[in-house]
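Participant: Mind having a look at this structure? Questions to follow.
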Amino acid sequence: MTLTVNEAFRKFKSRLELNQKEQDNASAKHTEVRDYLHTKFAIEGDFLTGSYKRHTKTKPLKDIDIFFPMKQSERHYRDKDPGVVLDDYTAVMVEKYGEKAVRRQSRSINVDFGIEIKDEDKTDYKVLSIDVVPAFTCDENYEIPDGDTSKWIKTNPKIHAQKAVDAHQAYSSEWKGLVRMVKYWNNNPKHGEKPVKPSFLIEVMAHECLHGGWGGQFDREIQSFFATLADRIGDTWEDPAKLGPPISGSMDAARVERAKKLLTAAAREADQAIHLVRQGKNGEALRAWRDLFGPMFPLS
Ligand SMILES: Nc1ncnc2c1ncn2[C@@H]1O[C@H](COP(=O)(O)OP(=O)(O)OP(=O)(O)O)[C@@H](O)[C@H]1O
Ligand SMILES: [Mg+2]
C-alpha cells in the first residue's frame with residue numbers, strides 16, 4: 001500500500017506526539033528528582049513545564065523542564081549572583097547522579113539518564129534527560145537564574161502555554177504539530193549545531209510565521225513555514241509573555257547567517273518535494289521529505 005505525502009505527514013506528526021508511556025516515564029523521573037531535591041532545598045509546588053507541558057516538544061524526548069519554586073527560607077539565593085543557586089543545585093545533583101550525568105547550563109541543570117537512542121530515533125519510550133530549573137515566585141510570575149548574564153529573569157510558563165493553545169486552535173489544531181516537525185528538523189544531528197538556538201525560538205516565530213490559517217496540505221504548510229522562518233530569522237523576537245529577555249538574544253550575526261542558509265535550503269528542498277508529487281513521483285517525494293526531516297518521517 002502506498003502512502004500519500006499527506007498521509008505520511010499525519011503519521012510523522014503522530015510519531016512526534018507524546019504517548020502515555022513517555023508521559024509515565026516523564027512523571028516517574030519528575031517524582032524521583034522532586035523527592036530527592038526536597039531533601040536538599042525548601043521547595044514548594046514543583047511542576048513539569050516548557051515545551052513538554054505545551055506539547056511542542058519534539059523527539060527524541062529530552063531536556064524536559066521541571067520548575068522548582070523555592071520557599072521563603074531559600075530566598076537568600078535571590079539576593080546572590082544567579083550562578084550561586086545554579087552551582088548549588090549542580091553540586092546536589094552530582095551527588096546523586098554523578099559528575100558525568102550532570103551539566104550546569106545557562107538557566108538550568110541538565111541530568112542525562114544515559115538512555116540509548118536506537119534506530120529511527122527510538123528510545124523505548126524513555127526520557128533522555130531533564131532540565132531542573134530553580135525558581136522563585138514573583139507576584140503571578142516566576143524569576144529564574146540566568147548564569148550567562150548574571151541576572152534573574154522573569155518568566156511565566158502559563159502565558160506561553162495559553163498562547164500556544166490559542167495559536168493551535170486558530171490553526172485548525174495543526175499548529176503544534178507543525179512546530180514539532182520543524183523542531184525535529186532543527187535537532188537533526190546532520191546540522192551539527194542546531195541552526196535555530198534556542199529551539200523555543202521556532203515556536204515563538206511560529207506565532208507570526210504560520211499565518212492565514214491551515215490550508216489543508218502539510219507539504220505546503222511546511223514549505224512556507226521554512227521560507228518565512230528563513231526570511232525572518234534575523235529579526236528580534238521578544239518573549240511572547242513580554243517578561244523575559246528576547247528569545248532571539250543568542251542568535252548573533254554568524255548564527256543568523258547560518259540558520260538563514262539552512263532554512264532557505266530546507267524551503268527549497270520542500271519545494272522540490274512538492275514538485276515531485278506533481279510529476280507523479282510519490283515515492284521520490286516521500287524520500288525527499290525523509291531526507292529533509294530525518295528517520296521519523298515514514299516512507300511506508
Ligand atoms: N527569554 C525568555 N524569557 C522568558 N521565558 C523564557 C525565555 N526563554 C525560555 N523561556 C521559558 O522557559 C521555558 C523553557 O525553555 P527552553 O529553552 O527549554 O524552551 P522549550 O520551549 O522547553 O523548548 P525545548 O523543546 O527546546 O526544550 C520555555 O518554554 C519558556 O516558557
Ligand atoms: Mg525545554
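Participant: Being open to solvent by 10 Å² or more (accessible area, probe 1.4 Å) and not in a loop (DSSP other than H, G, I, E, B) is the filter here, so list the residues in region 134-155 that pass it. It would help to see each step written out before you state the result.
Facilitator: Step one: filter region 134-155 for residues open to solvent by 10 Å² or more (accessible area, probe 1.4 Å), giving 137-144, 147-155.
Answer for region 134-155, where residues must be open to solvent by 10 Å² or more (accessible area, probe 1.4 Å) and not in a loop (DSSP other than H, G, I, E, B): Thr137, Cys138, Asn141, Tyr142, Glu143, Ile144, Lys151, Trp152, Ile153, Lys154, Thr155.
Participant: Phe47 fails exactly one of the following numbered conditions: (1) more than 21 Å from Pro189 (Cα to Cα); (2) aromatic (Phe, Trp, Tyr); (3) more than 14 Å from ligand 1 (Cβ to nearest atom). What is the number of that condition?
Facilitator: Of the numbered conditions (1) more than 21 Å from Pro189 (Cα to Cα); (2) aromatic (Phe, Trp, Tyr); (3) more than 14 Å from ligand 1 (Cβ to nearest atom), the odd one out for Phe47 is (3).
Participant: Going through region 112-135 one residue at a time, which ones are of a type outside the set (D, E, K, R) and within 14 Å of ligand 1 (Cβ to nearest atom)? Steps first, answer last, please.
Facilitator: Taking region 112-135 as the starting set, the residues that turn out to be of a type outside the set (D, E, K, R) are 113-115, 117, 123, 125, 127-130, 132-135.
Within region 112-135, Val127, Leu128, Ser129, Ile130, Val132, Val133, Pro134, Ala135 qualify.
Participant: Search region 93-117 for residues being of a type in the set (D, E, K, R) and more than 16 Å from ligand 2 (Cβ to nearest atom), and hand back the single one that is least open to solvent (accessible area, probe 1.4 Å).
Facilitator: The initial filter retains those residues of region 93-117 that are of a type in the set (D, E, K, R), namely 95-96, 99-100, 103-104, 107, 112, 116.
Now restrict to residues that are more than 16 Å from ligand 2 (Cβ to nearest atom): 95-96, 99-100, 116.
On the way: Glu95: 125, Lys96: 95, Glu99: 145, Lys100: 205, Glu116: 125 Å².
Only one residue tops the list, namely Lys96.
Participant: So, in region 244-264, exactly how many residues are assigned to a loop (DSSP other than H, G, I, E, B) and touching a residue at least 12 places away in the same chain (Cβ under 8 Å)?
Facilitator: Our first condition is that a residue be assigned to a loop (DSSP other than H, G, I, E, B); within region 244-264, this holds for 244-246, 251-252.
If we keep only those that are touching a residue at least 12 places away in the same chain (Cβ under 8 Å) too, we end up with 244-245, 251.
Qualifying residue count, region 244-264: 3.
Participant: Which of the residues that make up region 174-192 are more than 16 Å from ligand 2 (Cβ to nearest atom) and in contact (Cβ under 8 Å) with a residue 24 or more places away in the chain? Lay out the reasoning, then the answer.
Facilitator: Step one: of region 174-192, the residues more than 16 Å from ligand 2 (Cβ to nearest atom) are 174-175, 177-178, 181, 185, 188-192.
Scanning region 174-192 gives Glu174, Trp175, Gly177, Leu178, Met181, Trp185, Asn188, Lys190, His191.
Participant: Does Glu120 satisfy the criteria of being more than 16 Å from ligand 2 (Cβ to nearest atom), modelled with pLDDT under 95 and over 30 Å from Gln169 (Cα atoms)? So that I can check it myself, show each step before the final result.
Facilitator: Numbers: more than 16 Å from ligand 2 (Cβ to nearest atom): yes; modelled with pLDDT under 95: yes; over 30 Å from Gln169 (Cα atoms): yes.
Yes; evaluated as a whole, the condition is true for this residue.
Participant: OK, next. Tell me the helices (runs of 4 or more DSSP H) entirely within region 1-112 that contain at least 1 residues that are hydroxyl-bearing (Ser, Thr, Tyr) and touching a residue at least 40 places away in the same chain (Cβ under 8 Å). Explain how you work it out, then say what you get.
Facilitator: Values: elements: 5-15, 20-38, 50-54, 82-97.
Once the helices (runs of 4 or more DSSP H) in region 1-112 are filtered for at least 1 residues that are hydroxyl-bearing (Ser, Thr, Tyr) and touching a residue at least 40 places away in the same chain (Cβ under 8 Å), what remains is 20-38, 50-54, 82-97.
Participant: Now, a different point. Is it true that some residue in region 184-195 is open to solvent by less than 10 Å² (accessible area, probe 1.4 Å) and assigned to a loop (DSSP other than H, G, I, E, B)? Before the answer, list the steps.
Facilitator: At the first step, the residues of region 184-195 found to be open to solvent by less than 10 Å² (accessible area, probe 1.4 Å) are 184-186, 195.
So of that shortlist, the ones also assigned to a loop (DSSP other than H, G, I, E, B) come out as 195.
Checked against the condition, which is being open to solvent by less than 10 Å² (accessible area, probe 1.4 Å) and assigned to a loop (DSSP other than H, G, I, E, B), region 184-195 yields at least one hit.
The values are calculated or read from the model by the stated rules, or taken from the named source; none is laboratory data. In this text, all values refer to a predicted model and were calculated from it rather than measured experimentally. Because the Cβ atoms are built from the backbone with ideal geometry, glycine has one as well, and the counts that use them run over all protein chains shown. Quick note on the areas: whole protein, heavy atoms, side chains included, nothing else; ligands and nucleic acids left out. Shrake-Rupley method; radii C 1.70, N 1.55, O 1.52, S 1.80 Å.
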